[in-house]
1. Only bridges with both residues in the chain count here: give the DSSP antiparallel percent, nearest 5.
2. Calculate, for residue 142 and residue 231, the FRET efficiency according to 1/(1 + (r/R0)^6) with r their C-beta to C-beta distance and R0 35 Å; round to the nearest 0.05.
3. So who's got an amide H within less than 5 Å of the one on residue 6, skipping anything under 5 residues away but keeping other chains? H placed 1.01 Å off N, in plane.
4. What does the extension gain come out to for residue 23 and residue 214, with contour length at 0.36 nm per residue minus their alpha carbon separation?
5. Out of 221, 190, 242, whose Cα points farthest toward the positive end of the dipole of the chain (charges: +1 Lys, Arg; -1 Asp, Glu; placed on Cβ)?
6. Could you put 51, 191 in order, starting from the residue whose Cβ has the fewest other Cβ atoms within 10 Å?
7. Going highest first, how would you order 287-297, 330-340, 145-155 by mean Cβ packing within 10 Å?
8. Between residue 318 and residue 126, what's the calculated FRET efficiency when r is the beta-carbon distance and R0 is 45 Å? Round to 0.05.
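Each reported figure results from applying straightforward, stated rules to the coordinates on display, with no laboratory input. These figures come from a predicted structure and were not determined experimentally. A quick note on method: Cβ atoms are made from the backbone with ideal geometry, for glycine too, and the neighbour counts reach across all protein chains shown.
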Amino acid sequence: MLQSGIVGLPNVGKSTLFNALTRTRKAEAANYPFCTIEPNVGVVEVPDERLAPLAEIGGTKTIIPAAIEFVDIAGLVAGASKGEGLGNKFLANIREVDAIVHVVRCFEDDDIIHNMGGVDPVRDIEIINTELVLADLESVERQINSWAKKAKSGDKEAQAHSALLQRIVAHTGEGKPVITMDLSDDERALLKFYNLLSAKKVLYACNVKESDLADADNHPLVQKVAAWAAEHHGAGYCPICARVEEELGELAPDEAAEYLESLGISDSGCNRLIREAYKLLGLASYFTTGEKETRAWTFRLGLKAPQCAAVIHTDFEKKFIKAEVVSYDDLVNAGSIAAARDAGKYRLEGKEYVFKDGDVALFKVGA
Ligand code: GDP
C-alpha cells in the first residue's frame, strides 16, 4: 500500500494530525492484507461520497472504501542531514515513503513553544527542505564518481547517469529540490535509481487556529504557503486544524456535524487532506458492487484493465479476458444496473483499456 509520510518541525501538530487521521478514519486492517502494521503507521480510509449511492444501487450493506497509509515521521530538525537529532534515521524514514505531507504551523499559541521562535511557515518549510536537499546533494556526490568512471569506458547507461547526476548536483547546489528540475522522460526513469528525498511530491498541510478555519484558504499565512509552494516546489497545500480534527474524533457523528457547523465549515479538514494525499500519490478508485459488498479499489492513474484487475487478485492480470465497465455518473443517472444496461451505458473493454477514476467494473477472467 502506498504511503504518505507526515513530516515537519517539532511542535507544529504532526502527532495531533496523525492521531486524528488514524483514530477517526482508521481502516479495518483485515480488508487490506498488504498494509504495514507498525505503531507509527496508520491505515486510513479514503472518504468517497460515491460509495453510499453505489451500495444502494448494488443492494449491498457492506461498504469497503479505498485506503492509504500515513506514517508519522517525528523529529526532523535543522541539521538533520548532518545527523543532528536523530537525523539519519528520520531521513531514512522519509526515503521509504511515496509522498510527503509537510505540516507547517500557521497558528499562534503562546502556550506552545515554537521551535524556531515566532510563527513563520515559509521559514519553517525552507529549514526542512534545506535538510532534504543537502541530504540529496551528499548522496548524489557519493555516487557520481563511480558512474563517471564507468562512463569513461563508453558505457552509454553510465554516461546518461553521469550527466544527470551532474545536473542534480548543480540544481541541489543552489538549494533547489530535485522535483523542480525540468527532466525528460528518460531522465525521470533514471532518477528512480537514486531515491532522492527532494524528488518526492509534497503536500503542505497548514495547521491553522480553529477560529481561522471558516475562511482558512484566505488566511494570510496559508496564502503565503500556497504561493511559495506553487512557485518554489510545484506543490499544493491544504489548510487543517489538527486540534479540531482530534476533537472531532471524540464526538458522535451528529455531534461532529454540529461542531463543524459551529465552526462555519461543511467538511472536516482530514477528509480534504486524505483526498489530496491520494491524488498526490497518483491514485484513483474504481468500484465493484455485488451482493457481498460495494468496494473502492485503488489503482495508479494510467493503468490498463488487466493491471487494474490484478488489484483485486494478482491472478486476474494473466487470466483477464475483458471488463464490463460503466462510469459512476452513468450508473447513478440511470438509477439501476438494469436501466444502465438498457440504456447501453455498459461497455465491454479489452486489455488496452485505460481505467478512469469512478469506473464501475465487472471483470471476466479465465480459469
Ligand atoms: P509535533 O511535535 O509536530 O508532533 O506536534 P504535536 O502534535 O505534539 O503538537 C504540539 C502541541 O501543539 C500540542 O500541545 C498540541 O496540542 C498543540 N497543537 C497541535 N495542533 C494545534 C492546533 O491546531 N491549534 C493549537 N492551538 N494547538 C495545537
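1. Working: 24 of 47 bridges.
So the antiparallel bridges in the chain amount to around 50 percent.
2. On the way: r = 30 Å, r/R0 = 0.87.
So, using R0 = 35 Å, E works out to roughly 0.70.
3. Under 5 Å from the amide H of residue 6: 71, 72, 73, 101.
4. 66.4 nm
5. 190
6. Values: 51 22, 191 17.
The order, fewest Cβ neighbours first, is 191, 51.
7. On the way: 287-297: 17.8, 330-340: 16.2, 145-155: 13.4.
Ranking, from highest mean packing down: 287-297, 330-340, 145-155.
8. On the way: r = 49 Å, r/R0 = 1.08.
After rounding to 0.05, the efficiency reads 0.40.
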